[in-house]
1. Collect residues whose amide H, placed 1.01 Å from N in the peptide plane, falls under 5 Å from the amide H of L151; neighbours closer than 5 in sequence don't count.
2. Under a plain spin-label model, where a point goes 7 Å from the Cα along Cα-to-Cβ, how far apart in nm are V28 and T117?
3. Show the residues, 5+ positions off or on another chain, whose built amide H is closer than 5 Å to the amide H of E29.
4. Given q = 0.14, 0.17, 0.20, 0.23 Å⁻¹, what are the Debye log10 I(q)/I(0) values for the stretch 100-182, with equal point scatterers placed on the Cα positions and solvent ignored?
5. Starting from the Cα of K228, draw a straight line to each of the aspartates and glutamates and keep only those under 17 Å, dropping any in the same chain fewer than 8 residues away.
6. Any chance you could give the angle, 0 to 90 degrees and rounded to 10, that helix 35-51 forms with the longest Cα principal axis of the chain?
7. With only Lys, Arg, Asp and Glu charged, each at its Cβ (+1 for the first two, -1 for the last two), find how big the charge dipole of the stretch 100-182 is about the Cα centre; round to the nearest 20 debye.
8. When a footprinting reagent is the concern and you count Cβ atoms within 10 Å, what order do Y127, Y82 take, fewest first?
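Any read-out appearing in this document is the output of simple, stated calculations on the displayed coordinates, not a laboratory observation. This structure is a prediction, so every number in the text was calculated from the model and none was measured. We place every Cβ from the backbone using ideal geometry, glycine too, and count neighbours over all the protein chains shown.
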Amino acid sequence: MLILLLDTSLKGPLLALADASSGRLLDVEIRHNPQEAAAGLPHLVQELLTRQNKTLDQVDGVIVGTGPGSFTGIKIGLAFVYGLRRGYPKLGFYASSALGCFARVALEANTWILPATATHGYFATRYEVGVVNLELDRISLEVPGQEPHSLAASGSLRIGCLGDWPRLNDLGRSRGIIIHSSPIEARAYEMLNAMLQDFIANSCKLSDVLPMPQYLRKSAPEEKADRKA
């Protein structure tokens, strides 16, 4: 089963062509500039297919990252996938979370955090994803449907941050929590492979239903308006 993997929720576009039957990534395209998702996604996909002597007619399905992450990035990725569906109606889809899948396999930390704005971001553990709120000078974790709770230091707590978030580092130091920062581009291959393995673990189920975005918080302009109010 030939699968195209696509995520635009984190930074630049992450792309891969995979053989789901063997669980292997055949080829990977990793870009670090977010603008490349909007400007060059069709070209990047075509280059990836050409290197493997494949065409979109041979692709069985698309694993697409639906967030949490960049609002604009998620929209760009899904718009591209929706367009693919119009031209290739036989394609199946599988919605995935690059952040969530990565957190389940990157075991050097038990909580991984992705910055979004100066005060808000996202977190993922092996079991859940949610929002990080630093607005009240504490590290507050918010999961939909649950009461928010503050992150406190403990001997077993290990936090990884995808990218650099100075305010998180400052709060971590003040509370005795060590934050390990890791560039997204350095972990991109692991993220794509984690998305593939998540798909395989769920019995390779492709759907003809178009995937929907996973937005866990308000956009930055909405949060700014709330603060003013």
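1. The answer is I139, S140, L141.
2. Placing both labels 7 Å along Cα→Cβ, they lie 3.3 nm apart.
3. L15, A16
4. -0.40, -0.60, -0.86, -1.18
5. Counting by Cα, and skipping residues close in sequence, K228 has these aspartates and glutamates nearby: E135.
6. For helix 35-51, the angle is close to 40 degrees.
7. 220 debye
8. Y127, Y82
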